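Read the structure below first, then the notes.
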Amino acid sequence: MGRFLIALCFWLTLARSATLTWYGPGYYGHRTADGTVYTAEHWGIAAPGYVPLGSWVRVTVGERSVIAPVTDRLGIDDPAWWDASYAVAEALGMIDAGNVEAMIEVLVE
């Protein structure tokens, strides 16, 4: 029940602050949860399990913002923790930082 309520709260607000990290070379060649092969050019986000694969999110770090699909899952189900692919992290200017505070907004049609 608690996991459902967390998910419901997230979906009702649609945006939240989260810690964003990135994953890189150690994962190249592995498949993401949606079945695509992860490469340096892969454009995607790994999200907690309650955010459906294929959802699109806007990720904002400081003045930079990108829109990316949810293509992978995290090893944890913490709503305050997300992972960016290397390409997304590079576009957000966070490669050197490793992890940053980001605003994550689930985009709804």
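Bear in mind these aren't lab numbers, they're just calculated from the coordinates by the rules spelled out. These numbers were taken from a predicted model, which means no experiment stands behind them. Note that each Cβ is placed from the backbone with ideal geometry, even for glycine, and that neighbours are counted across all protein chains shown.
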Pseudo-spin-label distance Ile95 to Ile67, built 7 Å along Cα→Cβ, given in nm, is 2.5
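From the helices alone, meaning DSSP H stretches of at least four residues, give me the mean residue ellipticity at 222 nm for the chain, per-run term -39500 (n - 2.57), in deg cm²/dmol to the nearest 500.
-5000 deg cm²/dmol
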Sequence-distant or interchain residues sharing an amide H contact under 5 Å with Gly44, placed H: which?
Ser85, Val88
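Relative contact order of the chain, please, whole-number percent, based on alpha carbon pairs below 8 angstrom and at least 6 residues apart.
Numbers: 223 pairs, mean separation 40.9, N = 109.
The normalised contact order for the chain reaches 37 percent.
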Principal-axis tilt of helix 2-13 within the chain, Cα atoms, nearest 10 degrees:
80
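Net charge near Gly35: determine it from the other residues with C-beta under 14 Å of the C-beta of Gly35, scoring Lys and Arg +1 and Asp and Glu -1.
Details: positive: Arg31, Arg73; negative: Asp34, Asp72.
Charge balance in the 14 Å sphere: 0.
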Out of [x] 16.2; [y] 13.8; [z] 22.9, which label holds the value of Kirkwood radius over Cα pairs in Å that was computed here?
[y]
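Run the numbers for Ala15 and Thr39: contour at 0.36 nm per residue of separation, minus the present Cα-Cα distance, in nm. The partial results should precede the final answer.
On the way: separation 24, 0.36 × 24 = 8.64 nm, distance 2.78 nm.
5.9 nm is the gain from fully extending Ala15 to Thr39.
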Choice from Glu90, Glu63, Glu41 showing the highest fluctuation, given a GNM over the chain with Cα pairs closer than 10 Å
Glu63
Could you give the size of the charge dipole of the stretch 2-107 about its Cα centre, using +1 on the Cβ of each K and R and -1 on the Cβ of each D and E, expressed in debye and rounded to the nearest 20?
260
